[in-house]
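None of the figures in this text is laboratory data; all of them are computed from the coordinates on show. All figures in this text were calculated on a predicted structure; none of them were measured in a lab.
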Ligand SMILES: [Zn+2]
């Protein structure tokens, strides 16, 4: 028995149909999250680079400015302008998919944005 010849029998090689269409099935931008870094401002609905936007996230039941962009969970993105921030406030709970107190963002918008909103960002009460 010549094993060398038999190992190349065509029937063994073609068990699976070579219907190579998998590349067409890939959904763009979903696979690794780095494909499309563009975010939409919650206030004006304009798409921007994340560098131009401020991340808002929930912390201790409040919506806070996530300056380090490190807070876990969903984030909302907004231009650091008073107009966008004020418009975004109402949409924040929906964007974060939870009920949050948006007064820190309202204060941030009124206070003059970009001026270290961190100064009153003390530890949230977690009783
Ligand atoms: Zn905006």
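Over all projection directions, the Cα-based convex hull of the range 48-109 averages an area of 3.7 nm². Remark: the residue 46-residue 69 segment gains 6.3 nm on full extension, using 0.36 nm per residue and subtracting the alpha carbon distance.
Here the gap between residue 111 and residue 38, fully extended at 0.36 nm per residue and compared with their Cα-Cα distance, gives a gain of 23.6 nm.
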